Amino acid sequence: MDVEPGKERFAGSFTQQEPISEEGIAAAVAVLRHGRLHRYNVTPGEVSEVAALEVEFAATLGARYCLAVASGGYALGCALRALGVGAGDRVLSNAFTLAPVPGAIAGVGAVPVLVEVTEDLTIDPDDLAKKAAASGARVLMLSHMRGHICDMDRVMAICDDLGIRVIEDCAHTMGADWRGVPSGRHGVVGCFSTQTYKHLNSGEGGFLVSDDPQVMARAVLLSGSYMLYERHISAPDPAVFDAIKQDIPNISGRMDNLRAAILRVQLRDLPARRAAWNARYRVVEAGLTGVPGLRLIPRPQAEGFVGSSFQFLLPGWPGAAVAEVVARAGARGVELKWFGAAEPSGFTSAYRHWRYAAAGDLPRTDRVLAGLLDMRLPLTFTLEDCAQVARIIRAEAGAVWQGMDASGGSI
Ligand SMILES: *Cc1c(COP(=O)(O)O)cnc(C)c1O
């Protein structure tokens, strides 16, 4: 699409994260120099980078135990297995999430039961209660998709009433909280990702946190601890392992010391990174306030979020009009992802594309996703970059809206 001469074009990259700091590089080089990259490869009395990272991550969340693993998706699958979910079991989850969530459920042979999303992009509690009763599911994998946290008080009350255990998918809520309780600390297990596009960057990686000694001992054994679990510090007493160590299969998915070394340095900056993301988020939000036909997602008072990405709705707009906004913004350098597209693209897919998770019809989710646009806000963007991105979206959504208005469009 051609852009009219004289129109500003955004030159930043939506996929460029910050470089690893010099301190992180030095920590990585120290591991490379001694060569003990495997978490259990320690000299007498040495605490591995991974074991130290687990202690530090648990402390930031006030969790009793933490296990570092190979990816966020691995953490989700490991959490399901640690709760005893197996083939044929039904697991509740959000219809609006990323593919690794239904994938983790399908990966243990279980059957995802997808729950509708609301216009606020969180799980629909009424549909949750209905599907929980109808499915007989014992577990909810609750995805805080794109960092939007549902009414945790209400959702936990529904689950507690029905004896449903909750695994939290905190891939987008590391550093976030609900009424001051860190995201990942409401359910029995919290799962996190340290993949490049999340809140800490080790390329690939993940964490599980829990206060439950049985669940965590099982997770540690599952992750491939062989009989070396005593080298964990943020883990239950060895006696808990002794009782089950021959019953739990080894499904290797450990983290290594190289990644842990760079994560330990980054973890100290998480509160500052949260503030930096939220400053950018608020600039975009202000820039998109009052655009006709465009709905911003409200952020509840109780939600302490991390604005590492931005979503908005074009509710009721015809698909062709949404696609035109995406194309026009794209031509001016603003990469919007559309969850209502017919085909999955890049990281973006929707429940209808997950044939392994036969969900049936979810009309409310269809309505929301049809108008849902999304973009990342990497910390390499300045506040002025964010203001420019908002100006471009504002202009292009406004132009498409006016065109529809003039042609007596269907909204
Ligand atoms: C990224 C992501 C995951 C999984 O993380 P990986 O580390 O890529 O396996 C899980 N849930 C959501 C919502 C995600 O965005």
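The values are calculated or read from the model by the stated rules, or taken from the named source; none is laboratory data. Predicted model, so just to flag it, every value in this text is computed and none were measured. Note: ideal-geometry Cβ built from the backbone for every residue, glycine included; neighbour counts use all protein chains shown.
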Number of the exception - MET216 against (1) of a type in the set (A, V, I, L, M); (2) part of a loop (DSSP other than H, G, I, E, B); (3) away from the ligand (no atom under 15 Å from the Cβ); (4) closer than 17 Å to TYR74 by Cα:
(2)
Kindly establish whether PRO344 is surrounded by fewer than 16 Cβ atoms within 10 Å (Cβ to Cβ) and either over 18 Å from ARG376 (Cα atoms) or at pLDDT 95 or above (or both).
no
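Every residue, every condition in (1) free of Cβ contacts under 8 Å to residues at least 60 places away in the same chain; (2) over 15 Å from GLY73 (Cα atoms), yes or no:
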| site | (1), (2) |
| --- | --- |
| VAL155 | yes, yes |
| GLY163 | yes, yes |
| HIS172 | no, no |
| ARG185 | no, yes |
| THR194 | no, no |
| TYR197 | no, no |
| GLY203 | yes, no |
| GLY206 | no, no |
From GLY333, GLY360, GLY403, residue being surrounded by fewer than 16 Cβ atoms within 10 Å (Cβ to Cβ) and on the phi > 0 side of the Ramachandran plot:
GLY360
Look at the stretch 181-196 and say how many of its residues are within 13 Å of the ligand (Cβ to nearest atom) and touching a strand residue (DSSP E or B) at 6+ places or on another chain (Cβ under 7 Å).
7
Could you list, in sequence order, all residues of the stretch 222-235 that are surrounded by fewer than 22 Cβ atoms within 10 Å (Cβ to Cβ) and either assigned to a loop (DSSP other than H, G, I, E, B) or of a type in the set (S, T, N, Q) (or both)?
GLY224, TYR226, MET227, LEU228, ILE233
Of those in the stretch 262-296 that are touching a Phe, Trp or Tyr at 6+ places or on another chain (Cβ under 9 Å) and part of a loop (DSSP other than H, G, I, E, B), the residue nearest to THR196 (Cα to Cα) is LEU288
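Any residue at all in the stretch 153-163 that is within 16 Å of the ligand (Cβ to nearest atom) and within 22 Å of ARG299 (Cα to Cα)?
As a first pass, look at the stretch 153-163 and keep what is within 16 Å of the ligand (Cβ to nearest atom): none.
Within the stretch 153-163, none of the residues are within 16 Å of the ligand (Cβ to nearest atom) and within 22 Å of ARG299 (Cα to Cα).
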Among the residues of the stretch 125-133, are any at pLDDT 95 or above and within 17 Å of the chain's Cα centre (by Cα)?
no
